[in-house]
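Report on the following structure.
The values are calculated or read from the model by the stated rules, or taken from the named source; none is laboratory data. In this text, all values refer to a predicted model and were calculated from it rather than measured experimentally. Every residue, glycine among them, receives a Cβ derived from its backbone with ideal geometry; neighbour counts consider all protein chains shown. Accessible surface areas use protein heavy atoms only, side chains included; no ligands, DNA or RNA. Shrake-Rupley method; radii C 1.70, N 1.55, O 1.52, S 1.80 Å.
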Amino acid sequence: MPHDLFSTAAHLRLARALVRTLASVAVGGAVLGAGAQDLGQISSEWLQGALSKSAEMQSMPLRMEVQVGRLDPRLNLAPCQNVDPYLPSGSKLWGRTRIGLRCVEGAKPWNVFLPVTIQAFGPAWVLTHNVSMGEVLTYDHAMQAEVDWAESPHAIIAMPEDWVGQTAARNLTSGMALRQTMVKAAQILKPGATVKVIAQGGGFMVTGTGRALEGGAAGQNIRVRMDNGRTVTGTVNPQGEVLVAQ
């Protein structure tokens with residue numbers, strides 16, 4: 001059985017997330033007057049501070065890399081002695097994003113947006129071959145590797161128990177890192193199957209049989225038509241029974 005996913009990165013849980021700003025960081029192009037602050041340096045320092053102080057980043061074994069893009073070269077910004085970086089509403093420091101830069105001390109205030117790419121490299125499970133939709137995943141389907149968690153907005157599946165035994169929600173290709181939208185719980189009951197129904201409440205329990213009107217996995221709610229024609233809704237348990245609360 002594969003070793004614990006985070007065993008090789010346990011020390012990273014106890015340290016701040018590493019922020020390594022690429023040497024190519026440059027805002028470039030936009031012209032600032034004399035006495036203006038270096039926008040590239042301001043952006044880099046602000047990003048490093050914001051990421052290193054993030055509670056989320058400190059709790060995950062991720063190696064952060066930040067690449068700051070370029071402002072529109074046609075901009076001719078007025079001199080500014082105090083530039084305030086900020087995260088625009090609706091944006092987050094993850095994947096392709098942007099930060100705002102506003103002049104708060106200058107003759108002509110201005111506000112611009114700078115493209116930024118945040119990469120978060122960490123351990124993940126990567127498929128070793130293609131998987132068909134509906135196929136049940138086993139340990140043989142994937143191996144551990146370092147990937148960019150921020151490459152997609154969908155969350156990485158970090159622990160093996162969250163994907164082993166699940167089914168592929170769609171056709172998956174070798175080389176993909178497993179993410180939450182790629183798998184779903186395997187169906188225990190299929191539509192039309194005869195199922196045991198258990199109704200329970202305070203101090204009583206009644207059992208019966210019916211026919212499942214839809215398929216369902218453990219923990220999902222499905223409708224069942226009882227032998228007497230009544231339709232009830234209950235939760236599928238791991239044994240393939242449907243529990244109806246009264």
Quick check on my filter: what residues within the stretch 96-128 are open to solvent by less than 10 Å² (accessible area, probe 1.4 Å), closer than 29 Å to residue 73 by Cβ and not hydrophobic (A, V, I, L, M, F, W, C)?
100
What's the total number of residues in the stretch 189-201 that are polar (S, T, N, Q) and either open to solvent by less than 90 Å² (accessible area, probe 1.4 Å) or in contact with a helix residue (DSSP H, G or I) (Cβ under 6 Å, 6 or more places away or on another chain) (or both)?
1
Taking the stretch 202-217, which residues are open to solvent by 30 Å² or more (accessible area, probe 1.4 Å) and not β-branched (Val, Ile, Thr)?
202, 203, 204, 205, 211, 213, 214
Before we move on, is residue 191 of a type outside the set (Ser, Thr, Tyr), over 30 Å from the mean Cα position of the chain (by Cα) and assigned to a loop (DSSP other than H, G, I, E, B)?
yes
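Let's see how each residue does on (1) at pLDDT 90 or above; (2) on the phi > 0 side of the Ramachandran plot:
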| residue | (1), (2) |
| --- | --- |
| 132 | yes, no |
| 159 | yes, no |
| 167 | yes, no |
| 190 | no, no |
| 219 | no, yes |
So is residue 150 assigned to a strand (DSSP E or B) and either surrounded by 12 or more Cβ atoms within 10 Å (Cβ to Cβ) or in contact with a strand residue (DSSP E or B) (Cβ under 6 Å, 6 or more places away or on another chain) (or both) or not?
no
What residue, of 147, 164, is of a type in the set (Val, Ile, Thr) and over 30 Å from residue 52 (Cα atoms)?
164
Apart from one, (1) hydrophobic (A, V, I, L, M, F, W, C); (2) more than 20 Å from the chain's Cα centre (by Cα); (3) in a helix (DSSP H, G or I) all hold for residue 199; the odd one out is (3)
All but one of (1) farther than 29 Å from residue 160 by Cβ; (2) out of contact with any helix residue (DSSP H, G or I) (no Cβ under 8 Å at 6 or more places or on another chain); (3) at pLDDT below 85 hold for residue 80; state the number of the condition that does not hold.
(3)
Does any residue in the stretch 230-242 that is more than 11 Å from residue 189 (Cβ to Cβ) come within less than 7 Å, Cβ to Cβ, of a residue that is part of a strand (DSSP E or B) and basic (Lys, Arg) six or more places away or on a different chain, and which pairs are these?
231/223; 231/225; 233/223
Residue count for the stretch 167-182, restricted to those that are open to solvent by 50 Å² or more (accessible area, probe 1.4 Å) and either among the hydroxyl-bearing types (Ser, Thr, Tyr) or without any contact (Cβ under 8 Å) to a residue 40 or more places away in the chain (or both):
5
